[in-house]
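See below for the structure under consideration.
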Amino acid sequence: MFATYQIEKTSNEVSIEDIEIGVLHQLLHYLYSGRVIAATMEVIGEDLYIAAYMR
């Protein structure tokens, strides 16, 4: 998965600290399914938008 030698390559784990777990879950759901639940957008829509454009 990782081409360069980094701690993530040896541990097979990636730490993401700047995003809430619910937002990450919905972002991954969208990436894999192409769908977002309308109720989800009402609750975490802004956070989901920010997470999608994090650098």
Original post:
Does segment 16-26 hold any residues that are surrounded by 13 or more Cβ atoms within 10 Å (Cβ to Cβ) and among the β-branched types (Val, Ile, Thr), and which are they?
Top reply: 19, 23
Subject >> Residue count for segment 27-48, restricted to those that are surrounded by 12 or more Cβ atoms within 10 Å (Cβ to Cβ) and either in a helix (DSSP H, G or I) or at pLDDT 80 or above (or both) >> reply: 10
**OP:** List every residue pair whose Cβ atoms lie under 8 Å apart, where the two residues are 6 or more positions apart in sequence or sit on different chains, the first residue falls within segment 15-33 and is of a type in the set (Val, Ile, Thr), and the second residue, located anywhere, is surrounded by 14 or more Cβ atoms within 10 Å (Cβ to Cβ).
**Re:** 16/24; 19/27; 19/47; 19/51; 23/44; 23/47; 23/48; 23/51
Original post:
What number of residues within segment 1-26 are hydrophobic (A, V, I, L, M, F, W, C), modelled with pLDDT under 80 and in a helix (DSSP H, G or I)?
Top reply: 1
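The values are calculated or read from the model by the stated rules, or taken from the named source; none is laboratory data. This one's a predicted model, so the numbers in the text were calculated from it and none came from an experiment. For neighbour counting, all protein chains shown are included, and Cβ atoms are generated from backbone atoms with ideal geometry for every residue, glycine included.
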